[in-house]
1. Scan the range 82-97 and give yes if some residue there is out of contact with any strand residue (DSSP E or B) (no Cβ under 8 Å at 6 or more places or on another chain), in a loop (DSSP other than H, G, I, E, B) and surrounded by fewer than 21 Cβ atoms within 10 Å (Cβ to Cβ), otherwise no.
2. Assess whether G176 counts as being buried (at least 18 other Cβ atoms within 10 Å of the Cβ) and within 18 Å of E261 (Cα to Cα).
3. Which members of the range 185-209 meet the condition of being of a type in the set (A, V, I, L, M, F, W, C), exposed (fewer than 11 other Cβ atoms within 10 Å of the Cβ) and part of a loop (DSSP other than H, G, I, E, B)?
4. Considering every residue within the range 21-37, establish whether at least one is assigned to a loop (DSSP other than H, G, I, E, B) and not aromatic (F, W, Y).
5. Show the residue pairs meeting these rules: Cβ distance below 8 Å; 6+ apart or different chains; first residue within the range 74-97 and within 28 Å of Y161 (Cα to Cα); second residue in a helix (DSSP H, G or I) and small (G, A, S).
6. Mind checking which residues of the range 123-159 are over 30 Å from I198 (Cβ atoms) and under 14 Å from the mean Cα position of the chain (by Cα)?
7. For the range 226-250, what are the residues that are small (G, A, S), surrounded by 15 or more Cβ atoms within 10 Å (Cβ to Cβ) and part of a helix (DSSP H, G or I)?
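No value in this document is a laboratory result; all are computed from the given coordinates. Just so we're clear, the structure is a prediction, and the values are computed from it rather than from any experiment. For neighbour counting, all protein chains shown are included, and Cβ atoms are generated from backbone atoms with ideal geometry for every residue, glycine included.
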Amino acid sequence: MPLALCCLSHSPLLDISTPKPDLLAEINLALSQARNFAAAFDPDVVVLFAPDHYNGFFYKLMPQFCIGYEASGIGDYGTEAGEFDVPRELAEGCAQSALDAGIDLAVSLKMEVDHGAVQPLEKVLGGLRAKPVVPIFVNSVAAPLGPIARARRLGEAIGEYLARRPERILLIGSGGLSHDAPVPTLASAPADVAERLITGNAMTSTQRQERTDRVIAAANDFAAGTDNLRPLNPVWDRALLDLLATGNLEAVDSWSNKWIEEQAGGSAHEVRTWVAAFAALAAAGGYEVTSQYYRAIPEFIAGFAVTTARPTGVSMKPIGDTTQAGEVN
């Protein structure tokens, strides 16, 4: 059965900040298009490529890739908490297909995921249990990182398997684009923070609120130009979106992690989720991008994008507002 794709940026600030009304209208239109696209495709199951921000994966054991056979959302930044409906047999098949292709990955029977995985399910599908979901963790934060080419080959291997399945499958990639979010690193974190990055000790409600307050303050400073975070890079973001639309995905194989960070910030490594999702779609044949929204949004500390794509020649019945959000400077 056909595959379809929706890739989008996530942000802890998406539901807790108040952008200007015209910007909010743009974002809501882009997300509405993505929801309409998903509703028209009407998937039986979702395969989700998403990062983590030291909420489910820690240095006591940090894989580069992990497929959840069971999973739950932790409910950070106002996202939904609770158990995913994971189709076990499909998750196992995805894992085996990747291993057979030479991609080393882990599996988890107790995966925990944060807003990076849950938010796109809420925005595109209506909730974390709206559809059965196979969650695939793609390390995009915790050094050392493997080459981005490995993420492409992961997606390719899984896509080849999914293309043989009878289900209608929606691929979701969550993350990016350019941004240098204030996420702690093991090398520079204070001792107490470093300990949590290693052990994963649960945060108290007070600690979570303090973290939320810090992120909001950092976004306000970034939007005002009074911080030292790396600037957003709309030129790099648009070049990436153009490349993904062409299907020339092997071009990313030459990108070094250092170059990505220099061009687009430390958190831009999250574009691995987009690369993996597009590679999975490409493995089933040619595809076409059906909608694309982009805006550099300092208030979110993110180059924010929403893109949908489908196999070439596959039509879907329009549902609701299908006005193109387009690309915005």
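1. no
2. It is true that G176 is buried (at least 18 other Cβ atoms within 10 Å of the Cβ) and within 18 Å of E261 (Cα to Cα).
3. A187, A202
4. The answer is no, given that none of the residues of the range 21-37 is assigned to a loop (DSSP other than H, G, I, E, B) and not aromatic (F, W, Y).
5. From the range 74-97, the pairs are S97/A157.
6. Scanning the range 123-159 gives K123, V124.
7. A245, the sole residue that qualifies.
Okay, residues lined up against (1) within 20 Å of F37 (Cα to Cα); (2) without any contact (Cβ under 8 Å) to a residue 60 or more places away in the chain; (3) in contact with a Cys (Cβ under 9 Å, 6 or more places away or on another chain):
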{"residue": "L249", "(1), (2), (3)": "no, no, no"}
{"residue": "S256", "(1), (2), (3)": "no, no, no"}
{"residue": "Q263", "(1), (2), (3)": "no, no, no"}
{"residue": "A268", "(1), (2), (3)": "no, no, no"}
{"residue": "W274", "(1), (2), (3)": "yes, no, yes"}
{"residue": "A277", "(1), (2), (3)": "yes, no, yes"}
{"residue": "A282", "(1), (2), (3)": "yes, no, no"}
{"residue": "Q292", "(1), (2), (3)": "yes, yes, no"}
{"residue": "A309", "(1), (2), (3)": "yes, no, yes"}
